[in-house]
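Working notes for the structure below.
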Amino acid sequence: MAPLALSDAERAQLAQWTRNRQARALALRARIVLRCDAGRSNRAVAAQLRVTTQTVGKWRARFVAQRMQGLLDEPRPGAPRSISDELVEAVLAKTLHEHPPDAERWSSRRLASALGISQRAVLRIWRAFDL
């Protein structure tokens with residue numbers, strides 16, 4: 001097993017990540033590295049955290065190779081987003097704060113036409129924000 005040799009800054013950052021309730025996977029990875037730094041074996045850490053020894057070995061190795069950056073999620077495969085955050089914001093702003101001419105509320109077709117995007121894109125945004 002490769003020694004980890006954490007710096008004080010890394011140890012503090014990992015401790016902060018363990019308290020992150022939104023990124024549970026990152027918190028688990030931080031716990032793995034902190035326990036490995038304490039001199040425990042992969043098998044002991046796996047038993048304590050109720051994960052496999054392969055999981056512990058994977059995150060230990062990634063930490064040794066890439067340090068803190070190795071614990072972060074890598075980009076997922078698939079097509080990149082085609083709708084920008086600004087366009088999502090424009091759809092939400094128009095939907096919630098503006099009324100279309102001669103109507104009380106926006107239809108997905110009318111809003112798509114006004115913003116120059118597809119109706120399906122409008123529907124996906126509305127669905128994502130429960131509108």
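Summary of values
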item	result
Considering residues of region 51-73 that are of a type in the set (Gly, Ala, Ser) and over 15 Å from Ala30 (Cβ atoms) only, the residue surrounded by the fewest Cβ atoms within 10 Å (Cβ to Cβ)	Ala65
Out of Lys58, Lys94, sole residue that is at negative phi and within 23 Å of the chain's Cα centre (by Cα)	Lys58
Test for Arg50: is it modelled with pLDDT under 90 and of a type outside the set (Gly, Ala, Ser)	no
Filter result for Asp37 (modelled with pLDDT of 90 or more, touching a Leu at 6+ places or on another chain (Cβ under 7 Å) and not aliphatic (A, V, I, L, M))	yes
Output for region 113-131, where each listed residue is part of a loop (DSSP other than H, G, I, E, B), under 23 Å from the mean Cα position of the chain (by Cα) and exposed (fewer than 10 other Cβ atoms within 10 Å of the Cβ)	Asp130
Single unsatisfied condition, Arg110 versus (1) closer than 26 Å to Ser7 by Cβ; (2) over 23 Å from the mean Cα position of the chain (by Cα)	(1)
Qualifying residue in region 43-59 (condition: touching a residue at least 40 places away in the same chain (Cβ under 8 Å) and not assigned by TED's automatic domain parsing to the domain that holds Gln119)	no
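To keep it simple, each residue is scored yes or no on (1) in contact (Cβ under 8 Å) with a residue 24 or more places away in the chain; (2) more than 18 Å from Leu72 (Cα to Cα); (3) surrounded by 13 or more Cβ atoms within 10 Å (Cβ to Cβ).
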residue: Ala9; (1), (2), (3): no, no, no
residue: Ala15; (1), (2), (3): no, no, no
residue: Ala23; (1), (2), (3): no, no, yes
residue: Val33; (1), (2), (3): yes, no, yes
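The values are calculated or read from the model by the stated rules, or taken from the named source; none is laboratory data. Note that this is a predicted model, so its numbers are computed, not measured. We place every Cβ from the backbone using ideal geometry, glycine too, and count neighbours over all the protein chains shown.
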